[in-house]
Amino acid sequence: MKKLLVATGGGDCPGLNAVIRGIVKSAHQAGGWEVWGSMEAFNGLMSEPVELLELSPEKTAGIHVKGGTIIKTTNRGNPLSYPVTQPDGSVQHVDRTKELVDRIHDLGFDALVNIGGDGSQRISQALFEKGGPVIGVPKTIDNDLAATDYTFGFSTAVQVATDCFDKLVTTAESHHRVMIMEVMGRDAGWIALHTAIAGGAEVCLIPEIPYSIDKIVERINQRYDRGRGFMNIVIAEGAKPLGGKVLGRAATVQGDEHLKLGGICNALRYALEEKGCEAQIRTTILGHIQRGGTPIAFDRLLATAMGVKAFELVQSEAYGQMVSFQNNKIDSVPIAEAVVENKQVSPDHYLVQVARSIGISFGD
Ligand code: F6P
């Protein structure tokens, strides 16, 4: 029997289980393969004793409809910069990727499929460069991975955000209020842009287009003057005012390197009030509900197809490749290409044009 190891890393995302099931089912059909999961990304592989879960067809049956990941995940413990507490209490960050590759070989694994976002794929590339037989599968609700048009989980996040947006429209209308809804996306405005168009927002604020408070006040006043006494704004957590900064705090947990974003909707509310905006304003931060729960059909489909493709790449020993979805086709690209830069919304992206054409303001 050949042995395949699967890991899910970084923030969870609807569709992770569907990828796992896609891999397990195709490996079972092919025959001659055992599939195992490393618990909590690579922590399972690095711990003593190792924490692995055998992923049998029975164990993975029906999991494609379930949110989260049955092999758990973490955004702490990056093996490229692993925090190790020294005898004097200080913390040193060490590169454990060579040790990880040795462990993969020592435990008899023939290949590793690493399902994760930009950070996880940088780890994939490092493992590959050290001789690890690695295949990457892109994952993130933010849709900001280069070399793939869509990542699974993104469409579910947009659906959740759109459903919430629709609810906020009816309450905004009843109370003549301005509702500001904050969505995730880190440095990319994809979730905000898609939700704003799908929901019919008046204003959409994204990290790629800094906004002017004056322009937004003007827009609110125009709308109220026209007798449309309510307004719905979508703001991405990474959006910032002209000349301003992203609102974030450093992570407080050892090993988590990401800036924690959140709360820009309140900063916007206070800024609008200070500028004399008379309408009542309320804010909603959607947060992690965009990441939880069952994936919508499109994400189950995309995730399953990516799982199947990942196993196909394993079989052809195309290590160093990441599964991608480009021009409506499941394909693969070198992982190295996928991690060069993140994919942000270009101000001349066709959806920005669509939004402007139907009167959505970006506050610019
Ligand atoms: O990258 C996915 C994401 O959900 C971002 O949209 C968000 O900024 C971040 O993760 C939240 O991370 P955490 O779960 O660590 O709070």
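The values are calculated or read from the model by the stated rules, or taken from the named source; none is laboratory data. The shown structure was predicted, so the numbers you read here are calculated from the model rather than taken from an experiment. We place every Cβ from the backbone using ideal geometry, glycine too, and count neighbours over all the protein chains shown.
Couple of notes before you dig in:
- Residue in the range 129-143 that is surrounded by fewer than 24 Cβ atoms within 10 Å (Cβ to Cβ), of a type in the set (Gly, Ala, Ser), away from the ligand (no atom under 16 Å from the Cβ) and over 21 Å from the mean Cα position of the chain (by Cα) present: yes
- In the range 231-240, residue nearest to His258 (Cα to Cα) [restricted to those that are within 16 Å of the ligand (Cβ to nearest atom) and either of a type in the set (Val, Ile, Thr) or not in a loop (DSSP other than H, G, I, E, B) (or both)]: Ala236
- In the range 285-302, the residues that are assigned to a helix (DSSP H, G or I), within 16 Å of the ligand (Cβ to nearest atom) and of a type in the set (A, V, I, L, M): Ile289
- Selection from the range 119-165 of residues that are over 17 Å from Ala7 (Cα atoms), part of a helix (DSSP H, G or I) and in contact with a Pro (Cβ under 7 Å, 6 or more places away or on another chain): Thr156
- Residue count for the range 45-56 satisfying the condition of being surrounded by fewer than 21 Cβ atoms within 10 Å (Cβ to Cβ) and in contact with a strand residue (DSSP E or B) (Cβ under 9 Å, 6 or more places away or on another chain): 7.
- Being in contact with a helix residue (DSSP H, G or I) (Cβ under 6 Å, 6 or more places away or on another chain), touching a residue at least 40 places away in the same chain (Cβ under 8 Å) and of a type in the set (D, E, K, R) holds for only one residue in Glu202, Glu173, Glu182, and it is Glu182.
- Scanning the range 251-271 for residues that are touching a residue at least 24 places away in the same chain (Cβ under 8 Å) and assigned to a loop (DSSP other than H, G, I, E, B), we see that the one that is surrounded by the fewest Cβ atoms within 10 Å (Cβ to Cβ) is Val253.
- Criterion violated by Gly248 - all others in (1) under 17 Å from Val183 (Cα atoms); (2) crowded, with 20+ Cβ neighbours inside 10 Å satisfied: (2)
- Applying the criterion of being more than 18 Å from Val134 (Cα to Cα), of a type in the set (D, E, K, R) and more than 16 Å from the ligand (Cβ to nearest atom) to the residues of the range 1-25, the residue that is surrounded by the most Cβ atoms within 10 Å (Cβ to Cβ) is Arg21.
- Which listed residue, of Arg282, Arg223, Arg228, is of a type in the set (Lys, Arg), closer than 23 Å to Asp166 by Cα, in a loop (DSSP other than H, G, I, E, B) and more than 16 Å from the ligand (Cβ to nearest atom): Arg228
- Candidate set from the range 26-44 (those that are without any contact (Cβ under 8 Å) to a residue 60 or more places away in the chain and outside any strand (DSSP E or B)); member that is surrounded by the fewest Cβ atoms within 10 Å (Cβ to Cβ): Gly31
- In the set (1) in contact with a strand residue (DSSP E or B) (Cβ under 7 Å, 6 or more places away or on another chain); (2) on the phi < 0 side of the Ramachandran plot; (3) hydrophobic (A, V, I, L, M, F, W, C), Ala41 fails one condition alone, (2).
- Top-ranked residue in the range 321-344 [being β-branched (Val, Ile, Thr) and buried (at least 17 other Cβ atoms within 10 Å of the Cβ); ranked as modelled with the lowest pLDDT]: Val339
For (1) free of Cβ contacts under 8 Å to residues at least 60 places away in the same chain; (2) crowded, with 16+ Cβ neighbours inside 10 Å; (3) within 16 Å of the ligand (Cβ to nearest atom); (4) in a loop (DSSP other than H, G, I, E, B), each residue gets a yes or a no:
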| residue | (1), (2), (3), (4) |
| --- | --- |
| Ala310 | no, yes, no, no |
| Tyr319 | no, yes, no, yes |
| Ser346 | no, no, no, yes |
| Val352 | no, yes, no, no |
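- Residues that are touching a Phe, Trp or Tyr at 6+ places or on another chain (Cβ under 7 Å), closer than 13 Å to Asp364 by Cβ and not in a loop (DSSP other than H, G, I, E, B), drawn from the range 193-210: Cys204, Leu205
- The single condition among (1) charged (D, E, K, R); (2) at pLDDT 95 or above; (3) closer than 29 Å to Lys130 by Cα; (4) out of contact with any Ser or Thr (no Cβ under 9 Å at 6 or more places or on another chain) that Asp348 does not satisfy is (3).
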